[in-house]
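Report on one structure; see the data block that follows.
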Amino acid sequence: MGNAAIPHWYEPKHEPDTFVEGEGARVYNDEGEEYLDFVSQLYCVNAGHSQQHIVDAMTEQAEKIPYVSSGSRNPQRDRLARRLTEKAPPNMSNVVFSISGSEANETAMQIVRDYQDAPKILTRWRSYHGATYGAGALTGEPSTRTVLEKHSAASGHAKFLPPLDFCGPFDADTPEELGEQAADHLEWVIRNEGPDSIAALFTEPIAGSSGAYPAPPGYFDRVREICDEHDILLVADEVITGFGRCGEWFGVQTEDLQPDVITFAKGVTSSYAPLAGAIVSEELGDYLEREGLPVGQTFAGHPVSCAAANAAMDVYGDGLIRNVRDLEGHLESHLRELEEFPKVAEVRGRGFLWSVDFGDPDAEDNAFLFDPRVDEGDNPIETLREHAHDRGVVFGAGRPDTQVLICPPLCATREEIDEAVDVLAESIDATF
Ligand code: PLP
């Protein structure tokens with residue numbers, strides 16, 4: 001009685017942990033046991049736990065004035081909007097604040113549909129864009145969709161294949177060819193849906209919870225060209241990839257991709273308080289200033305959250321993003337050693353966002369990689385994560401459940417990376 005509900009997809013085999021303290025990349029439960037948090041809770045505590053600079057900024061703001069409505073101005077909110085547009089790719093001018101990643105995507109949907117006067121949004125299968133009615137309808141990851149479609153009221157959107165060779169009838173010898181073929185397929189989807197009915201294409205620059213997969217070289221150049229050709233806006237969902245996660249302020253900067261909208265959440269405050277939003281292009285910004293925002297939310301751009309975000313941005317700029325750049329090669333090479341294990345099918349990722357995929361690397365039919373339900377009841381990935389947990393390291397569960405996600409706070413050290421990947425290797429050995 002009276003328990004906080006735990007989402008079923010998050011439910012571990014063991015009793016849920018009660019974490020009571022955190023410090024850097026480590027968290028502590030109510031029995032004083034220490035864990036390396038190599039999933040940053042939900043890929044979101046980018047600055048690490050208990051960064052005093054962020055805590056102080058939140059306290060100071062709460063002492064001054066804790067809340068100011070979104071119809072008024074507040075220095076923290078204004079400063080944050082300025083800094084976000086400065087760090088975003090060129091030509092982005094305005095920020096519309098929101099509260100969660102799902103709501104940031106809902107906000108972006110409202111803006112692009114209004115502006116384009118067109119109803120549909122395109123998203124990739126094997127994507128995650130949120131769990132609310134609107135954002136849930138965008139999510140394309142198979143196991144999550146099965147759950148969300150029962151509830152999603154919004155529809156009228158279309159999905160297209162991600163550039164993953166086991167996800168579609170691709171026949172490519174090189175990553176570049178795969179990117180070309182996936183982009184060709186996208187063009188067919190657009191033609192068949194009717195370009196005039198499509199307001200925007202939403203994409204994670206590097207897919208996050210559905211498998212940490214970066215696009216093949218050249219893919220996003222083609223996607224941008226195709227969107228321009230058909231007058232479709234491109235929205236980058238940076239809820240996971242933003243704020244240093246991939247080694248730049250935003251994931252699109254690792255792809256040299258100019259989006260029309262960036263949606264963000266999680267890392268913006270290092271998740272010390274809820275905050276999200278959409279950074280929009282000058283063209284959309286002018287439109288919003290002319291037409292006004294159709295709707296708003298009470299807690300959008302909450303001043304305490306904006307203070308947390310400004311402080312988190314200080315910490316990212318002062319060295320944490322550099323830490324990711326300095327250590328991503330080390331993390332990658334260490335993870336690639338795991339490819340020696342027969343059941344490791346693929347290691348993928350960028351920056352501090354990686355996935356180890358399990359299955360048979362040589363199988364023609366990679367059903368195991370694709371279908372999350374094959375091992376229902378005794379999913380070996382859960383056994384593996386449980387093993388790692390018992391040895392003091394928390395990893396993420398990818399969707400589908402054939403992956404382990406490695407997503408440490410950006411402050412993780414070389415020694416912590418070594419410790420975590422050694423435990424992962426031990427856990428693979430013990431499980432398969
Ligand atoms: N978009 C992406 C890429 C995400 O990974 C998530 C959450 O994990 C969301 C949107 C939804 O964010 P929230 O859980 O804050 O609603």
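Quick check on region 172-308: take the gyration tensor over C-alpha atoms, sort the square-rooted eigenvalues as a ≥ b ≥ c, and tell me if it's rounded (a/c under 1.5), prolate or oblate.
Because a/c hits 1.5 or more and a/b fails to exceed b/c, region 172-308 counts as oblate.
Near the amide H of E204, under 5 Å away, which other amide H atoms are found, from residues 5 or more places off or on another chain, if H is placed in the peptide plane?
Amide H neighbours of E204: D237.
Would you calculate the separation in nanometres between label points at H230 and I65, each defined as 7 Å from the Cα along the Cα-to-beta-carbon direction?
Between H230 and I65, the simple spin-label model gives 4.7 nm.
Once you place label points 7 Å from the Cα toward the Cβ at V295 and A430, how far apart are they in nm?
For V295 paired with A430, the spin-label model returns 4.7 nm.
Under 20 Å between alpha carbons: how many lysine pairs meet that in region 52-318, if sequence neighbours fewer than 8 apart on the same chain are excluded?
Taking region 52-318 as the scope, the lysine pair count is 4.
By per-residue mean of other Cβ atoms within 10 Å, what is the highest-first order of 44-51, 86-93, 336-343, 404-411?
Result, highest mean first: 404-411, 44-51, 86-93, 336-343.
Please report the antiparallel percentage of DSSP beta bridges with both residues in region 52-318, rounded to the nearest 5.
So the antiparallel bridges in region 52-318 amount to around 45 percent.
Applying a 10 Å radius around every beta-carbon, put 114-127, 413-426 in order of their mean neighbour count, most first.
Packing proxy ranking, top to bottom: 114-127, 413-426.
Tell me, what is the percent relative contact order of the chain, built from C-alpha pairs under 8 Å that lie six or more residues apart?
Normalised by residue count, the contact order of the chain is 23 percent.
Using a cut-off of 9 Å between beta-carbons, work out the net charge of the residues near G130 (Lys and Arg +1, Asp and Glu -1, G130 not included).
Here the charged neighbours net out to -3.
Of F432, G179, G277, which is farthest along the charge dipole of the chain in the positive direction, counting Lys and Arg as +1 and Asp and Glu as -1 at C-beta?
Working it through, the farthest residue towards the positive pole turns out to be G277.
Grab the DSSP H runs of the chain that are 4 residues or longer, score each as -39,500 (n - 2.57), total them, divide by all residues and round the 222 nm result to the nearest 500 deg cm²/dmol.
-11500 deg cm²/dmol
Bear in mind these aren't lab numbers, they're just calculated from the coordinates by the rules spelled out. Here the structure is a predicted model, which means the values were calculated and not measured. With ideal geometry, Cβ positions are generated from the backbone for all residues, glycine too; neighbour counts draw on all protein chains shown.
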